[in-house]
Amino acid sequence: MRAISEAVEGNKVRLSVEVDEAEVERVMDDAVRSLSRQVRVPGFRPGKVPRQVLEARMGGAVALRAEALREAIPDFYARALSEAEVDPISQPEIDITAGEESGPLAFDAVVEVRPVVGIPGYAGLAVTIPAPAVTDADLDAQVDRMRETEAELVEVDRPAIDGDNVTVDLHGTDSSGDEVVATDDFLYEVGSGRVVAALDEELRGAKVGDVLAFDADVPGVEGQIAFRVLVKDVKEKKLPAATDDWAAESSEFATLAELREDLRKRLSPVKLVQSQMALREAAVAALVALVEEEQVPEVLVEEEVRERVHDLGHRLEEQRISMQDFLRATGRSGDDLVEEVRTEARRSVRADLALRALAEAEALEVTDDELAAEIDAMAERMSLSAEDVRDRLARAGRMAAVRSEQRKAKALTWLLDHVEVVDEDGNPVPREDLTAGGEAAGDGSGAGAEQVGDAATGEAEG
């Protein structure tokens, strides 16, 4: 079999496929054996029906050939995708150009592929991330959290502010007048957002004796709830002083300086990972912003939406939660959920296209050795031989997808290595500060290929 590809109008490719007569005959023989087992003909045992008899029952040799080709062309098409390294995003339009009745088979398959989008100015991108080094402010915040666990609540004669604890009587009625919330002497921290956001807004500036009345939406409840709140007292947190004595009593360290040094060591790897993740997210977001919205094919967005909704349904099923119960609990309709998913799906597709365009612009290629290494890794995960995995990918027409995902991973690494990085104060962040104690944020270039590889082999298995 031979396959060549050429670009046609829009984001489409025409695959021209030729299949030798000998290979077509093998397909015909396979079809005859299969039909012979399925068709019941008086006087013949299953699997022993002669070809001439099958042709007669199906309306002639041409009809039998047509049935055989109908079954075989999808396999020929998948093999052609692998041979020509085409990664389609839609179903093909197939037109048989020769061999419908006899001789070698030839057909054209026109299929949509991802467009190469424009990413003007990608080489001059700059992003802002949190500084990877632990600051004194970070340590102060950690010490304050420890002190808060030992805080005392002291009544104050002033309006409530965020962080204060207030004692309130809290009642709420629904639109029918039924009381759905009723709690007295409820201790609540202003600004915590543990009930509804409107409660925090009303409590800020409230004094003892104030009666607050407001309406608010409550997740999972239809219609607004009419709240009535009586403020009974206001208390502020009194934290113990951060001294050596406090450190000795509250930790395993004799001094506050020793405690802070230990906190610094514990926070350092956390801050590094946070900065690496922030770099990855900010760099991809900056690249995505270069892609014009109209360049995104809707077929890719809709496919991503279907996959995400399917994955959500599967996760809910594992937790024995129905989609209806999930929607009811989150106060959303099915249409609301799909629109939220579509927003994320569109962003994901734009990121995919942007990274592919970067790989094209920088001529980032995946060598045969790199592809072989990825297939070996996939084979090890699946407890199969590399040849089996390669064969499954080829039969599913997914080999180009694996190579393409590896190119994307290389593009991400290039982007993270070349984007200008500064902290919130505008100070340059040295690359070595982002790799200390571990790999760079863009390392692990096989991650993207691994995801598509799993999907592809899973499809082949199915």
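What follows draws every value from the coordinates through simple rules; no lab data is involved. Remember, it's a predicted structure, so these values are computed and weren't measured experimentally. Cβ coordinates were reconstructed from backbone atoms using ideal geometry, including for glycine residues, and neighbour counts include every protein chain displayed.
Annotation: amide H of Val117 within the under-5 Å range of Ala357, sequence separation 5 or more or interchain, hydrogens built in the peptide plane. Each other residue within a Cβ distance under 12 Å of Ser404 adds +1 if Lys or Arg and -1 if Asp or Glu, for a net charge of 0.
Amide H to amide H distances under 5 Å link Lys232 with Thr167, Val168, Asp169, Gly209, where only residues 5 or more positions off or on other chains count and H is placed in the peptide plane.
Per residue, the chain reaches -16500 deg cm²/dmol at 222 nm when only DSSP H runs of four or more residues are counted, each adding -39500 (n - 2.57). Taking every alpha-carbon pair under 8 Å whose residues sit at least 6 apart, region 149-238 reaches a relative contact order of 42 percent. When log10 I(q)/I(0) by the Debye sum over Cα atoms at q = 0.06 Å⁻¹ is computed from the coordinates, the matching label among (i) -0.35; (ii) -0.27; (iii) -0.50 is (iii). Take 165-171, 416-422, 294-300 and order them by the average number of nearby Cβ atoms within 10 Å per residue, most first; the result is 165-171, 416-422, 294-300. Ordered by the count of other Cβ atoms within 10 Å of each Cβ, fewest first, Val195, Val234 give Val195, Val234. Once both labels are positioned 7 Å from their Cα atoms along Cα-to-Cβ, the gap between Met58 and Asp423 label points is 7.4 nm. Taking other residues whose beta carbon is less than 13 angstrom from the beta carbon of Ala123, and scoring Lys, Arg as +1 and Asp, Glu as -1, yields -3. Scalar couplings 3J(HN,Hα) for region 303-312, obtained by applying the Karplus form with A = 6.51, B = -1.76, C = 1.60 to θ = phi - 60°, are 5, 5, 4, 4, 5, 5, 5, 4, 4, 4 Hz; x denotes Gly and Pro. With R₀ fixed at 60 Å, the C-beta to C-beta distance from Leu230 to Glu380 puts the FRET efficiency at about 0.35. By the beta-carbon count within 10 Å of each Cβ, the least crowded to most crowded order of Val154, Val180, fewest first, is Val154, Val180. In plain terms, the residue of Asp157, Asp184 with the fewest other Cβ atoms within 10 Å comes first and the most crowded comes last, giving Asp157, Asp184. Other residues whose C-beta falls under 14 angstrom from the C-beta of Arg266 contribute a net charge of 0, scoring Lys and Arg +1 and Asp and Glu -1. Just list whichever of Lys207/Lys237; Lys265/Lys410; Lys12/Lys408 have alpha carbons separated by over 24 Å in the model shown. Where the Cα-Cα span goes over 24 Å, the pairs concerned are Lys265/Lys410. What FRET efficiency do you get for Ala241 and Ala137 if R0 is 22 Å and r is their Cβ-Cβ distance, rounded to the nearest 0.05? Once rounded, the FRET efficiency stands at 0.75. Phi angles across region 422-434 convert, under the Karplus curve 6.51 cos²θ - 1.76 cosθ + 1.60 with θ = phi - 60°, into 3J(HN,Hα) values of 10, 8, 4, 8, x, 7, x, 9, x, 4, 5, 5, 9 Hz, Gly and Pro given as x. Extending 7 Å from the Cα toward the beta-carbon at both Ala66 and Gln324 defines two label points whose distance is 4.6 nm. If R0 is taken as 41 Å, the Cβ-Cβ distance between Glu302 and Asp169 corresponds to a FRET efficiency of 0.20.
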